[in-house]
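Single-structure report; data block below.
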There are 2 protein chains.
Amino acid sequence: MSYSPVEIIIKKRNGEQLSESELKFMFQGYIENQIPDYQMSALLMAIYHKGMKKSEISNLTSIYINSGRIITFPEDIATVDKHSTGGVGDKISIILGPIMAACGAYVPMISGRGLGHTGGTLDKLDSIPGLRTDFSEKEFRKLVLNNGYAIVSQTESLVPIDKHIYALRDVTGTIESLPLITASIMSKKIAEGARNLVIDLKIGSGAFIRNLEAARKLGKLLTNTGNSFGQNVKIIYTNMNSPLGEYVGNSLEILESIHFLQGKKIPDLYQITRRLAITMLQIAGISSSETVAVEHFDNVLNSGAALERFKLMIQAQEGDPAVCDNPQLLPRARYEIPIEATDSGWIEAIDSQNIGYALIGLGAGRRKINDQLDYSAGAYLPHKIGDHLERGARLGSIFCNNLHLVDEAAGKIADSFHLTKQPTKHQELILEY
Amino acid sequence: MSYSPVEIIIKKRNGEQLSESELKFMFQGYIENQIPDYQMSALLMAIYHKGMKKSEISNLTSIYINSGRIITFPEDIATVDKHSTGGVGDKISIILGPIMAACGAYVPMISGRGLGHTGGTLDKLDSIPGLRTDFSEKEFRKLVLNNGYAIVSQTESLVPIDKHIYALRDVTGTIESLPLITASIMSKKIAEGARNLVIDLKIGSGAFIRNLEAARKLGKLLTNTGNSFGQNVKIIYTNMNSPLGEYVGNSLEILESIHFLQGKKIPDLYQITRRLAITMLQIAGISSSETVAVEHFDNVLNSGAALERFKLMIQAQEGDPAVCDNPQLLPRARYEIPIEATDSGWIEAIDSQNIGYALIGLGAGRRKINDQLDYSAGAYLPHKIGDHLERGARLGSIFCNNLHLVDEAAGKIADSFHLTKQPTKHQELILEY
């Protein structure tokens with residue numbers, strides 16, 4: 001079949017549905033250098049404006065998946081993964097992996113590096129001395145089967161279309177297209193071999209989705225697409241108006257994850273992780289009911305089994321598991337500088353995105369894809385919406401190695417906390433599931 | 001000023017207005033190779049979907065104009081031009097130029113070659129032995145001042161942005177954007193120096209605009225934009241449901257134009273040309289009223305003054321003016337093959353676009369930009385909507401040099417005439433002015 005690229009672009013531009021072979025002609029043709037960048041970007045912008053039908057999204061996801069290798073696991077083991085749409089301070093993957101593995105699940109986690117205001121799980125793991133995340137599909141599969149879980153980076157041969165199209169979307173203003181987001185997320189989550197998937201769909205000032213209505217739309221697309229490939233998908237809608245946990249920054253978040261696995265109950269982190277784990281255990285068929293799942297979760301945390309799995313993963317991925325007992329081995333910032341509240345009042349809003357940008361300024365995140373990170377940079381920010389602060393009280397602190405960067409970051413962070421004289425309520429963390 | 005191209009694309013994608021300097025950063029940057037094709041095509045598709053405000057279109061037109069040279073004429077001469085949005089069999093520019101010049105106007109016509117189903121004025125002129133259309137701006141200006149008019153091709157230095165953006169629009173499905181059409185048309189018509197402009201906005205099966213409502217929208221954009229540069233603009237909305245005149249094809253249309261200038265009154269061609277000329281004479285300030293303009297028009301046709309101007313133009317542009325007296329000097333097809341009506345009835349519709357494609361098949365038009373033309377190929381098609389045909393009667397004829405091409409073209413042309421058993425009315429040619 002030979003098509004005219006312009007006619008396909010015009011068809012989508014006019015709001016018509018594209019056939020599987022038209023989509024293949026364009027997207028497969030794109031990574032084979034048959035379709036030039038400028039035609040693909042025009043098509044992506046047309047998709048942004050006109051959307052895609054359910055079957056188009058499934059077909060596109062299938063084209064994405066079939067552009068590379070596919071990982072499969074034996075049918076008789078319980079494979080389950082979690083995907084998060086990204087938030088500030090989100091270290092849940094790092095905590096959930098060992099918990100699920102300790103419960104008997106197999107969790108094939110393929111994760112990413114940070115770009116934009118949210119950090120990347122791989123960047124956080126990179127702060128563990130020696131740890132590698134660049135394994136082949138074959139090695140990855142073996143790691144998962146041996147240890148119950150592994151967290152690695154996307155290889156060149158897994159969903160290669162996504163890497164190319166994502167890079168083009170990033171520079172052409174077409175990231176925020178729900179059908180394209182769906183194909184991008186689901187292709188990777190299906191190709192990595194997990195037959196069950198829980199999605200932490202984050203909503204709020206720190207997420208790219210700002211309201212529940214838009215989130216539900218995306219949630220439906222993700223569920224439908226997963227189902228069309230025989231994957232169980234469950235969406236948990238969570239609040240991302242305050243950063244997650246108390247620490248933001250790469251090695252600081254590893255430290256907080258270790259504390260969590262050691263039994264520290266950081267309220268928001270604990271509540272969301274618990275909800276995700278319980279759902280994962282149920283859809284993977286490991287726990288027969290909510291009550292059983294709760295028991296499972298509590299057991300592996302209280303017994304230290306989850307922390308043990310974390311150590312095993314670090315060792316298997318060539319890192320130094322001693323960091324779990326001796327946090328001094330993680331990169332540490334030379335300075336911890338307190339940030340004071342500039343006014344008194346209740347926190348009514350936190351601009352998490354702005355906090356993300358402040359951290360980029362400290363070197364904890366990237367502006368450009370090749371930026372070097374300062375793994376020890378970050379912030380301690382224990383306060384949430386609804387907390388009361390006195391002027392001059394400690395809002396948090398900044399961790400850094402370069403004092404010249406402190407003032408700007410501290411100012412940005414202080415500005416990100418919006419105070420009011422009216423008492424404000426704490427917010428629900430789990431919005432819908 | 002330095003902008004982020006992605007942020008500008010996203011702004012337009014979200015339906016916001018772009019500032020003059022943002023537009024300049026993108027469009028001027030594009031021809032300076034600062035903005036890559038894939039970002040420009042994403043922006044063009046966003047403009048297609050979200051449109052542009054009046055001031056944005058004026059600013060874009062200004063950026064187009066200032067990307068190259070601008071031609072100016074003395075203030076005290078009456079400069080006027082006509083633009084047609086393109087139709088099948090449209091040879092009106094070739095006829096109007098000498099008529100207007102004979103009336104004392106100065107008509108700086110910069111025209112184009114055909115691509116798609118409609119022929120190009122320059123292709124028609126190219127069929128006159130020796131005639132050139134590739135003059136510099138300086139030579140063009142001199143030709144206009146000496147002879148009252150000239151018809152030349154767009155030079156590299158006149159509105160260079162348009163050439164580049166048009167080529168990109170052509171392959172990215174963004175031709176049909178009214179703001180982009182407006183900037184493309186008006187930039188050239190303002191840069192060529194005509195202070196008065198009449199636009200023949202064609203509507204119907206042979207035009208790219210299919211209804212009066214869409215045409216009025218475009219008409220308003222064109223008028224507003226011209227006015228913002230101090231140009232008088234008048235729109236004449238004409239019917240393009242039947243091909244114009246009786247002949248379609250390059251040298252055949254030159255022959256028909258000569259017959260017109262010799263006094264032959266081909267009804268549709270005569271009516272539309274007359275309407276355009278009368279309006280041009282009035283807005284250029286040459287004729288003080290409709291009645292005076294009509295007299296002017298009739299005089300220069302009846303006296304042979306218009307034909308004389310045509311000969312002068314041909315000579316000035318290095319062609320052989322003897323073609324006017326001896327049509328045998330024009331390229332002539334070896335064969336004229338009659339086409340018969342396959343049924344009896346009244347013509348209720350003519351698919352002019354399909355006729356255009358049939359002519360491309362004969363070599364009279366281009367599929368690709370570098371296709372060679374057969375200047376003598378074409379068709380004689382005297383029937384209009386509302387005419388009655390008997391089965392087996394002559395529908396018209398095909399002119400060609402290759403008998404192998406006849407069957408397909410004849411079939412396509414016959415199929416383009418839709419007959420009905422119900423008497424059908426002849427259609428109004430001038431829809432609104």
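The values are calculated or read from the model by the stated rules, or taken from the named source; none is laboratory data. The structure presented is a predicted model; accordingly, all values stated were derived computationally and were not measured. FYI the Cβ positions are ideal-geometry reconstructions off the backbone, even for glycines, and counts take in every protein chain you see. SASA here: full protein model, heavy atoms, side chains in, ligands and nucleic acids out. Shrake-Rupley method; radii C 1.70, N 1.55, O 1.52, S 1.80 Å.
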Response to the item:
Within the range B:6-22, restricting to residues that are open to solvent by 80 Å² or more (accessible area, probe 1.4 Å) and assigned to a helix (DSSP H, G or I), the one that is nearest to the other protein chains (Cβ to nearest Cβ) is B:Glu7
Worksheet entry | Selection from the range A:309-336 of residues that are in a loop (DSSP other than H, G, I, E, B), in contact with a Pro (Cβ under 9 Å, 6 or more places away or on another chain) and not charged (D, E, K, R) | A:Gly319, A:Leu330, A:Pro331
Worksheet item: Within the range B:23-41, can you find the residues that are more than 14 Å from chain A (Cβ to nearest Cβ), assigned to a helix (DSSP H, G or I) and open to solvent by 20 Å² or more (accessible area, probe 1.4 Å)?
Response: B:Lys24, B:Phe25, B:Gln28, B:Ile31
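Condition check ((1) open to solvent by less than 20 Å² (accessible area, probe 1.4 Å); (2) away from chain A (no Cβ under 14 Å); (3) among the hydroxyl-bearing types (Ser, Thr, Tyr)) across all residues:
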{"site": "B:Leu43", "(1), (2), (3)": "yes, no, no"}
{"site": "B:Met52", "(1), (2), (3)": "no, yes, no"}
{"site": "B:Ser67", "(1), (2), (3)": "no, yes, yes"}
{"site": "B:Gly97", "(1), (2), (3)": "yes, yes, no"}
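Out of the range B:264-280, which residues are without any contact (Cβ under 8 Å) to a residue 40 or more places away in the chain and open to solvent by 10 Å² or more (accessible area, probe 1.4 Å)?
Those that are without any contact (Cβ under 8 Å) to a residue 40 or more places away in the chain and open to solvent by 10 Å² or more (accessible area, probe 1.4 Å): B:Lys264, B:Lys265, B:Pro267, B:Tyr270, B:Arg274.
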Practice prompt. Within the range A:340-386, work out how many residues are among the aliphatic types (A, V, I, L, M) and either surrounded by fewer than 18 Cβ atoms within 10 Å (Cβ to Cβ) or not assigned by TED's automatic domain parsing to the domain that holds A:His404 (or both).
Written response: 2
Fill in: Single unsatisfied condition, A:Ser287 versus (1) open to solvent by less than 30 Å² (accessible area, probe 1.4 Å); (2) in a helix (DSSP H, G or I); (3) within 26 Å of A:Ile430 (Cα to Cα); (4) of a type outside the set (Asp, Glu)
(2)
Worksheet item: Is it the case that B:Lys412 is without any contact (Cβ under 8 Å) to a residue 60 or more places away in the chain, farther than 17 Å from B:Glu246 by Cα, more than 21 Å from the chain's Cα centre (by Cα) and outside any helix (DSSP H, G or I)?
Response: no
Discussion item. I need the full set of residues from the range B:144-159 which are crowded, with 19+ Cβ neighbours inside 10 Å and over 21 Å from the mean Cα position of the chain (by Cα), in order please.
Written reply: B:Asn147
Worksheet item: With (1) closer than 29 Å to A:Arg113 by Cβ; (2) touching a Ser or Thr at 6+ places or on another chain (Cβ under 8 Å); (3) assigned to a helix (DSSP H, G or I); (4) not β-branched (Val, Ile, Thr) as the list, and A:Ala306 as the residue in question, which single condition is left unmet?
Response: (2)
Worksheet item: A:Gly361: under 16 Å from A:Thr118 (Cβ atoms) and out of contact with any Phe, Trp or Tyr (no Cβ under 8 Å at 6 or more places or on another chain), yes or no?
Response: yes
Response to the item:
Scanning the range A:303-337 for residues that are under 21 Å from A:Phe135 (Cβ atoms), open to solvent by 30 Å² or more (accessible area, probe 1.4 Å) and in contact (Cβ under 8 Å) with a residue 60 or more places away in the chain gives A:Arg309, A:Leu312, A:Ala316, A:Glu318, A:Asp320
Fill in: Lone qualifier among A:Gly206, A:Gly219 - being away from chain B (no Cβ under 14 Å), buried (at least 19 other Cβ atoms within 10 Å of the Cβ), at pLDDT below 95 and not in a strand (DSSP E or B)
A:Gly206
Worksheet item: If you go through the range A:69-88 one residue at a time, do you hit one that is surrounded by fewer than 24 Cβ atoms within 10 Å (Cβ to Cβ), within 14 Å of chain B (Cβ to nearest Cβ) and at pLDDT 95 or above?
Response: no
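Inspect all residues belonging to the range A:389-397 and state whether any of them is part of a strand (DSSP E or B), touching a residue at least 60 places away in the same chain (Cβ under 8 Å), closer than 30 Å to B:Ser4 by Cα and open to solvent by less than 70 Å² (accessible area, probe 1.4 Å).
Among the residues of the range A:389-397, not one is part of a strand (DSSP E or B), touching a residue at least 60 places away in the same chain (Cβ under 8 Å), closer than 30 Å to B:Ser4 by Cα and open to solvent by less than 70 Å² (accessible area, probe 1.4 Å), which makes the answer no.
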Discussion item. Among the residues of the range B:354-367, are any of a type in the set (Val, Ile, Thr), at pLDDT below 95, over 27 Å from the mean Cα position of the chain (by Cα) and under 30 Å from B:Asn211 (Cα atoms)?
Written reply: no
Discussion item. Among the hydrophobic types (A, V, I, L, M, F, W, C), assigned to a helix (DSSP H, G or I), closer than 20 Å to A:Gly97 by Cα and open to solvent by 30 Å² or more (accessible area, probe 1.4 Å): which single residue out of A:Val292, A:Val300 fits that description?
Written reply: A:Val292
Worksheet entry | Selection within the range A:232-247 - open to solvent by 10 Å² or more (accessible area, probe 1.4 Å) and more than 15 Å from A:Lys217 (Cα to Cα) | A:Asn232, A:Asn239, A:Asn241, A:Ser242, A:Glu246, A:Tyr247
Item to complete: May I ask you to verify whether B:Ile57 is away from every other protein chain (no Cβ under 14 Å) and within 25 Å of the chain's Cα centre (by Cα)?
Response: yes
Discussion item. List pairs: first residue in the range B:231-258 and in contact (Cβ under 8 Å) with a residue 60 or more places away in the chain and among the charged types (D, E, K, R), second residue surrounded by 21 or more Cβ atoms within 10 Å (Cβ to Cβ) and not in a loop (DSSP other than H, G, I, E, B) anywhere in the structure, Cβ distance under 6 angstrom, at least six positions apart or on different chains.
Written reply: B:Lys234/B:Val198; B:Lys234/B:Thr279; B:Glu253/B:Lys124; B:Glu253/B:Tyr247; B:Glu256/B:Tyr247
Discussion item. Can you confirm whether A:Tyr270 is more than 20 Å from A:Ser416 (Cα to Cα), outside any helix (DSSP H, G or I), of a type outside the set (Val, Ile, Thr) and in the same structural domain as A:Leu307 (by TED's automatic domain parsing)?
Written reply: no
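To keep it simple, each residue is scored yes or no on (1) within 21 Å of A:Leu244 (Cα to Cα); (2) hydroxyl-bearing (Ser, Thr, Tyr); (3) at pLDDT below 95.
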| position | (1), (2), (3) |
| --- | --- |
| A:Arg275 | yes, no, no |
| A:Gln282 | no, no, no |
| A:Ser288 | no, yes, no |
| A:His296 | no, no, no |
| A:Asn299 | no, no, no |
| A:Pro338 | yes, no, no |
Practice prompt. Look through A:Ile185, A:Ile199 and report the one residue that is touching a helix residue (DSSP H, G or I) at 6+ places or on another chain (Cβ under 7 Å), in contact (Cβ under 8 Å) with a residue 40 or more places away in the chain, crowded, with 20+ Cβ neighbours inside 10 Å and not in a helix (DSSP H, G or I).
Written response: A:Ile199
Discussion item. Would you confirm whether or not the range B:238-254 contains a residue that is touching a helix residue (DSSP H, G or I) at 6+ places or on another chain (Cβ under 8 Å), hydroxyl-bearing (Ser, Thr, Tyr), within 30 Å of B:Lys53 (Cα to Cα) and assigned to a helix (DSSP H, G or I)?
Written reply: no
Item to complete: Kindly provide the set of residues from the range B:351-382 that are outside any helix (DSSP H, G or I) and touching a strand residue (DSSP E or B) at 6+ places or on another chain (Cβ under 6 Å), ordered by number.
Response: B:Ala364, B:Ala377, B:Gly378, B:Ala379, B:Tyr380, B:Leu381
